[in-house]
Every structure is written in C-alpha cells, then in structure tokens.
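Structure first, commentary second.
Readers should treat all values here as calculations from the given coordinates under stated rules, not as data from a laboratory. In this text the structure is predicted, and so the values were computed from the model without any measurement. No Cβ is skipped: glycine too gets one built from the backbone with ideal geometry, and neighbour counts run over all protein chains shown.
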Amino acid sequence: MRIRTLPAATALAVLFSSAALAATTPAYADSSKILPVRSAGDIVVDSAHQRVFVSDPTGGKIVVTDYRGTVVQQLTALPGVAGLELSADSATLYAAVGGDDAIVAVDTATGTESARYAVGDQPQSVAVAGDRIWFGYGASGYGDLGSVDLRGEQPVITLGQATRSWYGAPLLDAAPDSGMLLAGETASSPSSLVSYDVTTGAPVRLAATTAGSFIRDVAVTPDGQNVITASGSPYHHPVFKTADLTANGSYASDAYPNAVAIAPDGTVAAGIDGWYDPDVYIYRPGATTTVREYDFPNTGSTSGSDVLAASGLAWTTDASRLFAVTSNSNDVFSLRVLTSPTKAATAVTVDAPATAPRAKKLTVKGKVTSKVPLPAGSPLTVTRTDLESKSGKQLPTATVKSDGTYSFTDTLTVGGKVTYKVAYAGDAGHAAGSGSDSVDVSRAKPALTLTNNGKVYSYGADVKFTAHLGTTYKNRKVEIWADPFGGDKPNKLVKSGTVNSGGNLSVTLDLKRDTKVTAKFTGDARYQPRSASSTVGARVKVSTAVSGQYKKKSTWGHTYHFFRKSKDPLFTTTMSAYPGRKQRLALQVYYDGHWYGAGSDYFALSSTGVSKVWLGGTHDTGWRFRVRSSYVNGSSGDTVNSATHSAWKYFTFTS
C-alpha cells in the first residue's frame, strides 16, 4: 500500500535517474486534475517510472497518471480492485482484485498484466513482506490472511494464516527489509491491530492491541520499528511499536483520520476526512508540531470543500511530492499533486502606501512568516513593475529581521500603478514564497479636447473631427473611437496615431446616425490617461411626394397641387430605413392668415423606408392645406437619429 525503501543498488539507480530528470524538468506548483473514477481504493507511486496508480473498486479499474496528474493509461476489467502494492524493485504492481478472487501483477514498465494468482474469497489488501506477497481476504463478517510465494517454479498460495478471526478482510502494510507485517481491523469498533513476524514464511503473531474504531489506513515506518494508524476515532494518528504494539506517541490531526503515508526519510503525512479543518498534516519524524498543513478547496460548484479519500496519500521516494486523492459532494474525484510538502510553507506580506507622489521617497514594509521561522538576515528578492519596467526591475535585496519583518525605501521617477513583489527563494527547510502590493503614484492631468460636440449634421455628411493633446511626457499617441447610436453598431476604433507638431490628430466620418466620438490618450509614466468626447447628431434623409392631382400651379407663394374634391390625395414618404421605424405625417390648414394643425399620425415604413398614405373622407373646396413627413427621435420607433422634417407640400381641392 505504501512507497517502499528500495534495495541499495536499485535506490541508487533511481536516485541518479531522478537527478537527471530534475535537471531537465522544471519545478511546478501544487496542482489538481480530475480523475476518471467512481471511487478510490488505494494509491501508490512508482518513482522509477514517474507514475501514480489509483484503484477504482466501483469502476473496476486502475488509473495511471504521470507526476502532473495527467492520465496516461487505464487498466480495466479489474472488478472490485482495491489494495495496491509496489514490488521492491518497482518492476511490478500487485493489485487485490476482489471481484475476480485474484491477486493481479502488472508490469509497471508496460502497464500490462504480467501474472494472475487465483487466491479465492475476495482479497482486499496486499503487501510485500519477507519473501512473499501477503493479502487480506474475506467478505463482511469474516476475514483472514494469505500469501503467495513466488520463489519456486510455480507460485504457492497459502490461505488461513491469520491465527485469529477477523470481522472482514484485514488491512495490511509492511516494511520489506524488516520482515514485519501489520494487519488492521476495518469492520469493527474497537478495531484490532496485529503485528506478525513473517521472516520464516509463516506469520508469527507478535502482539495485538486496539487502535480506535474502524481502521481506515495503516503505515509502517521505513525502519519497521513503528506503525501509524488512521481510524474514525481517536481524532489523532496514534503511533505503536511494531514489536509489542505499545503506544509510542501520536501525531495531532482532527476528526476523522482516514489516511497516513510515510516518506522514506520518515516524514509523516496524516490525513483526515473533514470539511472544515486542514485535510493533511505534515510532520517531520518524531516532531510534535506540523511543518505544513493542506486544506483542500472544493472542485466545482459543490457543498463544502473536497475531502481526502481513505488511504488516499502517497509519497515519491525523494519526498519532493505528495499525492492525494480527494472527492467532492458530487462524487467527482481529483488527484492533487503537492510539491515540496516537507518544506515549511513561507508566507510573505507586502505593505506599500496606497498612494504616493511621484519623485518622492516611499517606504515598503512587510513580514515573512513560516511554521519554521526564517533566520535573521535571510535575503529577499525585490522586483518593481511600473509603466517603464513592465517586465520588472530588480531592486536591492531586502533582509529579514529577527522578528520576521523587513522594510526598504524607493524613489519613483514614474507615476501610475507601481507593484512591488517581494520573494523568498526557499531553502532546504522552507518552500519558496512571495507577496506583492501596489501603490498608485500621482501623474499630471494632460489637456485633451475634441471638436464638434453638440452639432447636428445632414444625413451622410462628411464631418472632420480633430483631437488636440496638450503636453505629455513620452506618449503622443491618441485613439479616436466612434460609437454610432443603436445596439447593432459597435464602438469602433476609427483612427490611431501620433499627433502632429501642433498636438492634433484628425479623422473624417460619414455620419448617418447620431454618434458619440471619443478621443483617448492612454497615459504615460508622468501623465495620466485622459479622454474627451463629442456627441453629434445626424438627421435622416426624408422627402414627401404628393400624387393624384389634376394639375400643379405656383400660387400663394408656393407650388400647389390641385385635386378634385372627389379624388383622395396620395402622400408618399421616403426616409432612411431602420428596423421598426415610423414616420410622422402632419397635416395643416390655412385660415385667417395662419397655418393651424389639422391632425397627425405615425405610419410604419417598409424595409426600404417607404410609406404610402391616402387622405380619405369628404374634401371641402376653397381651403388651402399643407403636409410633411417627419422623423421624431424616440416617437418614430428608434433613437438613432436627430429630429428631421421634410419640406412642406401644398394642396387644395376644387369642384
């Protein structure tokens, strides 16, 4: 179930291989990737091939990932696969496949099944100890211990070796070099923990004790001297001596312990199943305080944070990474890759003034905190990013004081947003850490104007807009944007360029709608951004035609259309088209030297902008009339143009 201490020759080969890989593979931060599983049974790490194996009992498969958590293979058709174990030479992965009553061997180099041992009766856990493969088997209500001896030409399978009754298949772990096998009760409360000496091939029971309720995980220290358990209670991870299972301390955690993994250097990862507390507690060997803690966030939109899976922790052989299997309330499982887990986390705070005047000295201060305090004098890298150093400029190194605080001064020659990043590179006992803060440094306000604000132009007029930029530092570039009224036309950059020697930049626009024109200056190191806008109107193109008259004649100062009183005049309006647009047709009558309103109404325009209206009813003779079409902003169905009226058309009726 755990990463094992390799034989000397193999260990050296792996270490040299890891060293070469480390030289070519960049470090990366903690990460998480979703696993294609429906459950989680066990996890082991193959450092020789940089592979992680996660069993899925419900899905009947083993998922294989690389060190980044990316799935590279899925070993299927393994119903009920649960416990996993890696051989001492990392060449073979052993899996307890309860649904097939078998122990399955997988070649770790190829990811293919290399052997299958029919052991019967639902094996659930597997461990390598002495010169045999040991497995815990049995359904709910009874359990036992068996072994597979591979030393001869044919495997020898021996069952019924537990020397006691179990309420279910016992959970196993071992330290191969010690010949010590540990078995834990998973199906009862209180739960038994039993140690066996398996050096002779037949398990010799050494000691037994109770280890809380419903053991969820068991891990033997690399030297075989101690064993750590994780169970629903107590709310810590107790330690027992393997020889006699007497208590030998504990590692503080919280409710409810469900996982434990021990790195080859003895570092302990103690995990719990809890929403509201840290999920994993990292202890250096024998320490009473954590060097680091991990609290997993939630994956996706779920209730509560992700929780650690039982037996869901595993180390790399160099302890540079800890892998954790987690799940959320929607049963989505993830593999979390925790880098530098044996190093104390380093937090760096940075406190810069919120605002500051340009060309004046300012002070930046902060504090570096860690569970393992940094020594006084530890160096901090300071990087300043501003408008003239967008990639960052390194400043003189700051140093940590005995109380973890630091401070430095800086004089800024540029304005705008200035960010200070303070970083600790890390060391053998501390992970790297950094923090940042920004200060808004004052800048002068430049002059910027734009012509034509408030003017109204005829439809389709070519109008010249000129932006004028006053004094600035280095940037002399201006953008001019045009935003026509109406949701179907986007705000568009119509010109961008450097102003001329007079500070001007001009553009000519063909106006067919009311338009907001904006000149933008993005600012520079000493002058702040500025914009200036002009909103101009554009009339529609509109005309009114009268037809059906029997004659036209110039009289009373205008051209009149003469109609027989039996004839209905036809008024045809042609207007710039727009979806849903209507024209307002107004009629006036002349009486006693003045024109008076005789009625008006709105009429829809066709998609081409045409409206035809007949004037019906009884037509009295001897009266003078006039008619015109209008676009009224808002009342004509839209707001994209300015009010526009056609010329009046005059008519009268005769007998």
For this session: Please give the contour-minus-distance gain from Arg564 to Ser391: 0.36 nm per residue of separation, less the Cα-Cα distance, rounded to one decimal in nm.
Result: 53.9 nm
Exercise. Taking neighbour counts of Cβ atoms within 10 Å as a proxy for exposure, in what order, fewest first, do Leu75, Leu84, Leu145 appear?
Worked result: Leu75, Leu84, Leu145
Seminar exercise, completed: Between Ser436 and Thr339, Cβ-based FRET efficiency (R0 25 Å, step 0.05) works out to 0.75
Exercise. When DSSP beta bridges are limited to those with both residues in the stretch 448-538, what percentage is antiparallel, rounded to the nearest 5?
Worked result: 95 percent
Exercise. Based on the alpha-carbon gyration tensor of the stretch 211-269 and its eigenvalue square roots a ≥ b ≥ c, which shape applies: rounded if a/c is under 1.5, prolate if not and a/b is larger than b/c, or oblate?
Worked result: oblate
Exercise. Counting other C-beta atoms within 10 Å, which of Phe408, Phe651 has the fewest, and how do the rest follow?
Worked result: Phe408, Phe651
Problem set entry | Relative packing of peptides 501-511, 254-264 - highest average C-beta neighbours within 10 Å first | 254-264, 501-511
Seminar exercise, completed: Full extension between Ala243 and Ser635 adds, at 0.36 nm per residue less the Cα distance, a length in nm of 131.7 nm
Exercise. What nm value, rounded to one decimal, do you get for the distance between Thr535 and Thr110 when each label is placed 7 Å out toward the C-beta?
Worked result: 7.7 nm
Exercise. What is the magnitude of the charge dipole of the stretch 326-436 about its Cα centre, with +1 placed on the Cβ of each Lys and Arg, -1 on the Cβ of each Asp and Glu, and no other charges, expressed in debye to the nearest 20?
Worked result: 300 debye
For this session: Please state the charge dipole magnitude for the chain, taken about the Cα centre, from unit charges on C-beta atoms (+1 on K and R, -1 on D and E), reported in debye and rounded to the nearest 20.
Result: 6980 debye
For this session: Could you grab the relative contact order for the stretch 448-538? Cα pairs under 8 Å, six or more apart, rounded to a whole percent.
Result: 40 percent
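What net charge is computed for the residues neighbouring Ser496, neighbours being all others with C-beta under 11 Å from the C-beta of Ser496, Lys and Arg scored +1, Asp and Glu -1?
That sum, taken over residues with Cβ under 11 Å, equals +2.
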Exercise. Out of (1) 24.4, 78; (2) 41.9, 134; (3) 26.5, 93, which label holds the value of Rg and Dmax of the Cα atoms in Å that was computed here?
Worked result: (2)
Exercise. How would you classify the stretch 321-450 from its alpha-carbon gyration tensor, with a ≥ b ≥ c the square roots of the eigenvalues: rounded for a/c under 1.5, else prolate if a/b is greater than b/c, otherwise oblate?
Worked result: oblate
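State the antiparallel share, in %, of DSSP beta bridges confined to the chain, rounding to the nearest 5.
Antiparallel: roughly 95 percent of the beta bridges in the chain.
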Problem set entry | 0 to 90° range, to nearest 10: angle between helix 8-24 axis and the chain longest Cα axis | 20 degrees
Exercise. List the aspartates and glutamates whose alpha-carbon lies under 17 Å from that of Lys565, not counting same-chain residues fewer than 8 positions away?
Worked result: Asp620
For this session: Please give every one of the lysines within straight-line cross-link reach of Lys393, meaning a C-alpha to C-alpha distance under 16 Å, and leave out same-chain neighbours fewer than 8 residues apart.
Result: Lys417, Lys421
For this session: Calculate, for Gln161 and Ala354, the FRET efficiency according to 1/(1 + (r/R0)^6) with r their C-beta to C-beta distance and R0 60 Å; round to the nearest 0.05.
Result: 0.25
Seminar exercise, completed: Filtered hits (lysines, Cα-Cα < 20 Å from Lys343, offset >= 8 within chain) -> Lys367, Lys371
Exercise. How far is the Cα center of the stretch 385-417 from the Cα center of the stretch 438-475, in Å?
Worked result: 35 Å
Problem set entry | Pairwise label distance in nanometres, Thr58 with Leu587, each label 7 Å out on the Cα-Cβ vector | 7.8 nm
